[in-house]
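Beneath this line is the structure, given in structure tokens, with notes to follow.
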Amino acid sequence: MSKTASRKEYLEFVLDQTSLISGVSYRAMMGEYIIYLNGNVVGGVYDDRFLVKPFEAAKRLMPEAPREIPYEGAKEMLLVEQIDDREFLKDLFDRIGEELNEKIKTSAKKKGV
């Protein structure tokens, strides 16, 4: 489904919009950009669209978000339409971070750590 590589300018826009959030980083991969939160993959920039994985927190905050395929063969992700709203993005990433932390704690308990 991927038509063209994402523009570096769009990535820079997304990074600027998420600048209130600590722990956000990215990595270029095959013309697109993977977005991380504290070292965990949370989404990416694909065809100049900002998509996040369908975390429960993201589905609760964006119940009407379009589900889109980032590239052929990939699982559906959620399109972040509120890309202009920095406070919304901070809330979204905070909630995703909480969900990730809970999954890490649950995983550690199962392993007996």
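Where a number appears in this text, it was derived from the coordinates with a stated rule and is not lab data. Model, not experiment: these values are computed from the prediction. Neighbour counts run over all protein chains shown; Cβ positions are idealised from the backbone, glycine included.
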### Query
Rounded to the nearest 0.05, what FRET efficiency do residue 59 and residue 15 have when you use their Cβ-Cβ distance and R0 = 41 Å?
0.95
### Message
Please give the charge dipole size of region 8-111, origin at the Cα centre, charges +1 on K and R Cβ atoms and -1 on D and E Cβ atoms. Round to the nearest 20 debye.
### Response
840
### J(HN,Hα) series, region 83-89, from Karplus relation 6.51 cos²θ - 1.76 cosθ + 1.60, nearest Hz, glycine and proline x
4, 7, 9, 4, 5, 4, 4
### Query
Hey, which lysines would be in cross-link range of residue 105, C-alpha to C-alpha under 20 Å, not counting anything within fewer than 8 residues on its own chain?
53
### Query
Mean separation of Cα pairs under 8 Å and 6+ residues apart, divided by the residue count of the chain: what relative contact order is that in percent?
24
### Query
When DSSP assigns beta bridges and you keep just the ones with both residues in the chain, what percent turn out antiparallel, to the nearest 5?
100
### Label of the coordinate-derived value, percent of Cα pairs over 21 Å apart, listed as (i) 41; (ii) 28; (iii) 35
(iii)
### Query
So which aspartates and glutamates pass the test for residue 110, namely a Cα distance under 16 Å, with those fewer than 8 places away in the same chain ruled out?
102
## Note on the structure
Fewest-first ordering of 29, 62, 77 by Cβ atoms within 10 Å yields 29, 62, 77
### Query
Mind listing which trypsin sites (Lys or Arg not before Pro) in region 73-108 are in a DSSP loop and have 13 or fewer other Cβ atoms within 10 Å?
75
### Task
Calculate one ³J(HN,Hα) per residue across region 13-19 by plugging θ = phi - 60° into the Karplus curve 6.51 cos²θ - 1.76 cosθ + 1.60, and present them in order as whole Hz with x for glycine and proline.
5, 4, 4, 5, 5, 9, 5
### Cα lying deepest toward the dipole's positive end in the chain, options 24, 92, 38, charges on Cβ
38
